[in-house]
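First comes the structure, then the notes that go with it.
The values are calculated or read from the model by the stated rules, or taken from the named source; none is laboratory data. Everything numeric here is computed off the predicted structure, so don't read it as measured data. Cβ: placed from backbone, ideal geometry, glycine included. Neighbour counts: every protein chain shown. The area values use the complete protein model at the heavy-atom level, side chains included, leaving out ligands, DNA and RNA. Shrake-Rupley method; radii C 1.70, N 1.55, O 1.52, S 1.80 Å.
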Amino acid sequence: MWWRSASFILDRQQNDAALRPDTSSTVTPPPPTESSSAMGLPTDHNPNISAYYQTRAAHHAVVTSDWLAQAQAAAAVAHDPPQSTSTADPDKPFSVIDVFNNWRRQPDLAEAVAAIRALAAVIRSSQASTMMQLEIELKKASDSLKAWDTTSISLTAGCDLFMRYVTRTSALEYEDFNSAKSRLIERAEKFGEISYKSRKIIAMLSQEFIFDGCTILVHGFSRVVFEVLKLAAQNKKLFRVFCTEGRPDRTGLRLSNELAKLDVPVKLVIDSAVAYTMDEVDMVFVGADGVVESGGIINMMGTYQIALVANSMNKPVYVAAESYKFARLYPLDQKDLAPALRPIDFGVPIPSKVEVERSARDYTPPQYLTLLFTDLGVLTPSVVSDELIQLYL
Amino acid sequence: MDTRRAPRAVIDPKVRKVGFFAPPELSQPGLPDPIPLPSSSLSPVMIPPPRHSSENLLHHARPLAPTVPGASSVSIEGSVVAGGSYGSSSELFPAPMSPASPSYSSSRFVGGGDGDYCLNGAAVASPGRGGGKAATSFPRGGFESPAAKASSVPASGLTTVSVVNDSSLGIRGREKADNGGGSALEAKDQATNSKQKKDKTTKAERRALQEAQRAAKAAAKAEGNKASGTVTSGTAKPAKAIKPPHKVDNSSVAASEKKGCDRPPEKDRKKDVPQPRMQYDDESRVEKAKRRAVVKQTEARNRVELFRHLPQYEHGSLLPDLEAKFFQLDTVHPAVYKAGLQYLSGNISGSNARCIAMLQAFQDAIRDYRVPPEKTFVRDLTAKISSYVSFLIECRPLCISMGNAIKFLKTRIAKLPLTLSESESKASLHSDIERFINEKIILADKVIVKHAVTKIRDGDVLLTYGLSSAVEMILLHAHKLGKQFRVIIVDSRPQLRGKILLRRLVEKGLSCTYTQINALSYIMHEVTRVFLGASSVLSNGTVYSGVGTACVAMIAHSFRVPVLVCCEAYKFSERVQLDSICSNELGDPEVISKVLGREDVNYLDGWANTENLQLLNLIYDATPSDYISMIVTDYGMVPPTSVPVIVREYRREQLWI
């Protein structure tokens, strides 16, 4: 069904344009995800390679020379060459993007946490003299962050959550602006701290589920999953790990390297051998780029099929995801997402007539997931929506 | 039957202790019982199905019978009666009829008078077993008597008394009939009846039922023991004892609950239960409701067994009758009256429209309301609203959204500060209702449209079923945005409301396909999204919507097409329902037997009263949450599992606004 093309982004812009007159009369505020494109900020990166993927590639250090070459070629074909992302808003004396990129350079810091810290820095350096000004400034900063990479779910969700968490507080009723501001900073830092620690909390929560002698199938490289496995190895659990290769960026190779360093028995499995090995597997562990309203996850390409295979063989599928990845999205099917595109290296030249599916991630519906390990606790998929409703409404 | 019931028969021998039955050991020793066990299922509590109206009518007609004391007249009426829907019993009827008929007539005569009939009736009836049977079948079969159709006398206080007597009489008669070899056929008939009832009654009711059954069994056995020897003394004594409890216990399950003082714990427990809905197979309650009723409702004749607990009335006579009554019903405000008539005639349908019509009628009613002297505003107005609501229920059962709106209005009334003057309170209520309509319905729809439109992409093929105001708005808005999509409207008889939608969409230039529900599985493969409306969404995610919705959702699910249900949050209910049986609405059965504009398909013309034909016109059905991908509501797009969350988080706010 080729006509089911992903026109999600275009649609969204159209909707926003058409709905703008309506919004003044509505009582319920529009969901924050829709307002992301409201800022007229020009996105300064190549639409063919999503910033999401660039971030991933940089973080996971899997950028090979041939990939770079191909990326350059792909970029050259497109309308404008990619610029450096730090020049997003040169007029402003303080650029939230700069701070964000500074934080992002830390290898272990998640994108969303970097954004949260950048936003906290916005409050701190703000010249605003009233609460309303501060709020508007914060909103602008978060919008520019979100616009910096519209395809990253955790970045958008992290910004939204921060806004919710920080601005929805009794501090706004303080008489004195300075005390209110310091309260906000306090809260922002607390939120940053919670987000930073969430990976450790998740690792602790999931230990009970890893039993001696179990075999765990892992897909791609997820820092949370790695944290979980690392803690299990430190706790002297005896288990072995099957790593999928994670084509085309071979993130599985990296995970297997890291695990081998910890003396965990690892077996590398090519992506197409998942069903073949599934009978030996006791549980599947995956990370997530985003957890959506339905309780399903958006994750690296291939997660869906692994979940399908695992579900049909009655193996549990566990997801490790921090709560700042909870997003108010509700994809109905695979194509109902903003696609994050990436180049794919097939090793041989592909004829120009041949189309290549370049989407970097897929959506796994909640019925194929068993449990979600989050810093809020171990949740069933249906609780995600519960939490989201409480957070956002 | 009995093996299943056995383990439950442990509790509460209270009624038995009263001592109107012989002790159990008496009934034990080898008693020549022709039908040993099944007879117990023919218990006294097996209330004949609730054809209350006809019974009333019968009663009014009845005085005729005793005036001619001859056996012939009675037997004639009896046979007419037995020829009713329970054909099985009629076979047994004629043979033992003649010896029993005198006793029958006499007992009825007395019973109608002062209630001292028991001794008399029992003493005479016991020798001839047929007499009991005649009386037994009377209240059930009596439905078909010609008088039932003709007469239109409203129920009165006197009638109810006689109904109670009548059924208890019939029941006692049955004990004897069983004892003396009641037919297996009849037993089976009763059994199915009882089984069904059991499914739907509350625990308290079940217990009362069971007790009474056991009591009856014991009585039957005891009597059977003695019947052979001492006829007069043996039977007369227990019969006397039976009288008071029977009057309460047997005639109605509900009445036994009302005794209350017997078992206070049960009463307490009942308080926790959220107001049980009226079960229309519960005779006495129906009777009571009837007495209050303003609208004269005639019960439909052949009702489907499984749905007897739901109200079903003959639709034809209702509207003209009500219209004729306009100047007599001074208790009902004209605006409410108008809304009721519109519900009845089907001019206003769809739960949003009905809810808005009701609220606006209440607005008018409140505006014209004057506090009567020596009454408080809050209390009297609440009572007034309640009476309006019951009037509306008589016109058409409420849908859940209306129930929620009424709940809202009543909380608002109750929360009115006492310091406000009458006009101020009225103004505040007026604006509250206005706000409810605006925020919970109109604005909610706008938000729903905004959310749902994001799920429509170019090239989509959208399928919808029937007519839903929210879905219509979504489609029109998406069209206004310039999206390229196609709509398939699936429709079904008898309402064919999809045609309304089709007309409106085609007028606006959407490209539409119109098809009947029969073609659903054929058309589904090209569909990319299914948009459905809902009357309500229940707490377990079940979508309660127009009949056929479940079918559409299931087929879509099996084709892996996402199903989006659009429903305003004020329609969410904290109830849980697993099937479409226990709560539903029955429409006019006539409309499904007749096809409009097709004179050639008249196979069922005039068959409505055929006893082996039961027409079922369900209005709603329940779609399990497994088949729903998403619920679009004014709080965003949520999975069906989140409905209880929204109910929990926002219900209070919704009631208070």
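Before we go on, tell me the buried accessible area for the A/B pair, both chains summed, 1.4 Å probe, in Å² to the nearest 100.
Looking at A and B, the buried total is near 3000 Å².
Let me cross-check B:ARG435: its accessible surface, 1.4 Å probe, with only protein heavy atoms counted, in Å² to the nearest 10?
Taking all protein chains as shown, B:ARG435 has close to 90 Å².
In whole Å and largest first, what semi-axes does the C-alpha gyration tensor of region B:316-440 yield when each eigenvalue is scaled by 5 and square-rooted?
25, 18, 11
Under a Cβ-only charge scheme (Lys and Arg +1, Asp and Glu -1), can you give me the dipole magnitude of region A:210-383 about the Cα centre, in debye to the nearest 20?
Its charge dipole is roughly 300 debye.
When N counts the residues of region A:235-393, how does its alpha-carbon radius of gyration compare numerically with 2.2 N^0.38 Å, as a ratio?
Output field value: 1.11.
What's the center-to-center distance, using Cα atoms, between region A:181-212 and region B:533-585 in Å?
39
To check you understand DSSP bridge types, tell me what percent of the beta bridges within region A:210-383 (both residues inside) are antiparallel, rounded to 5.
35
So for A:PHE285, B:PHE485, what's the accessible-area order with a 1.4 Å probe, most first?
Result of the area sort, largest leading: B:PHE485, A:PHE285.
Once ligands and nucleic acids are excluded and a 1.4 Å probe is used, how much of B:LEU359 is accessible, expressed in Å² to the nearest 10?
Near enough 0 Å² of accessible area.
So with the 1.4 Å probe, I'd like the accessible area per residue for region B:316-440, rounded to whole Å².
46
For A:SER359 and A:ASP282, compute 0.36 nm times the residue count separating them, minus their Cα-Cα distance, and round to one decimal in nm.
Gain in length upon complete extension: 24.8 nm.
Enter the accessible area per residue of region A:239-393 (Å², integer; probe 1.4 Å; all protein chains in place).
With all protein chains present, region A:239-393 gives 38 Å² per residue.
Tell me, what is the FRET efficiency for B:GLN360 and B:THR419 to the nearest 0.05, using R0 = 35 angstrom and their Cβ-Cβ distance as r?
0.80
Shape call for region A:227-320 from the C-alpha gyration tensor, a ≥ b ≥ c root eigenvalues: rounded (a/c under 1.5), prolate (a/b greater than b/c) or oblate?
Rounded is the answer for region A:227-320, as its axis ratio a/c remains below 1.5.
Towards the positive end of the charge dipole of region A:210-383, with charges on Cβ (+1 Lys, Arg; -1 Asp, Glu), say which of A:ALA320, A:VAL241, A:SER272 has the farthest Cα.
A:VAL241
Which net charge results when you count Lys and Arg as +1 and Asp and Glu as -1 among the other residues whose beta-carbon is under 13 Å from that of B:ILE366?
Combined, the nearby Lys, Arg, Asp and Glu give -1.
How high is the FRET efficiency between A:ASP345 and A:GLU258 when r is their beta carbon distance and R₀ equals 22 Å, given to the nearest 0.05?
So the FRET efficiency works out to roughly 0.45.
Heavy-atom accessible surface, probe 1.4 Å, ligands and DNA/RNA ignored: which residues of region B:433-468 lose at least 30 Å² versus the isolated chain?
Residues losing area: B:LEU443, B:LYS446, B:VAL447, B:LYS450, B:HIS451, B:THR454, B:LYS455, B:ARG457, B:ASP458.
Could you work out what % of the accessible surface of region B:330-438 is carbon and sulfur, using a 1.4 angstrom probe and leaving DNA, RNA and ligands out of the count?
About 54 percent, which is the carbon plus sulfur part of the accessible surface.
Compute, for B:LEU416, the solvent-accessible surface of its heavy atoms (probe 1.4 Å) with the complete set of protein chains present, and express it in square angstrom to the nearest 10.
20
Taking every residue in A:323-336, how many Cβ atoms of other protein chains lie within 10 Å of its Cβ, on average?
3
Using a 1.4 angstrom probe with every protein chain in place, what is the largest-first accessible-area order of B:CYS355, B:CYS582?
I get B:CYS582, B:CYS355, largest accessible area first.
Largest first, what is the accessible-area ranking of A:TRP148, B:TRP607 with a 1.4 Å probe?
B:TRP607, A:TRP148
Please work out the Cα center distance from region B:477-492 to region A:317-393, rounded to the nearest Å.
Centre-to-centre distance over Cα atoms comes out at 29 Å.
Taking 2.2 N^0.38 Å as the expected size of a compact globular protein, what ratio does the Cα radius of gyration of region A:270-352 give against it, to two decimals?
1.27
Report the calculated FRET efficiency for B:THR610 and B:LYS375 (r = Cβ-Cβ distance, R0 = 51 Å), to the nearest 0.05.
0.45
Report for region B:514-644 the percent antiparallel among DSSP-assigned beta bridges with both residues inside it, nearest 5.
Counting DSSP beta bridges with both partners in region B:514-644, the antiparallel share is about 55 percent.
Based on C-alpha coordinates, I'd like the Rg and Dmax of region A:219-275, in Å.
Computed over the Cα atoms of region A:219-275, radius of gyration and Dmax are 10.9, 33 Å.
Carbon and sulfur atoms: what percent of the 1.4 Å accessible area of region A:210-383 do they account for?
The nonpolar share, carbon plus sulfur, comes to 53 percent.
Heavy-atom accessible surface, probe 1.4 Å, ligands and DNA/RNA ignored: which residues of region A:278-312 lose at least 30 Å² versus the isolated chain?
By number: none to list.
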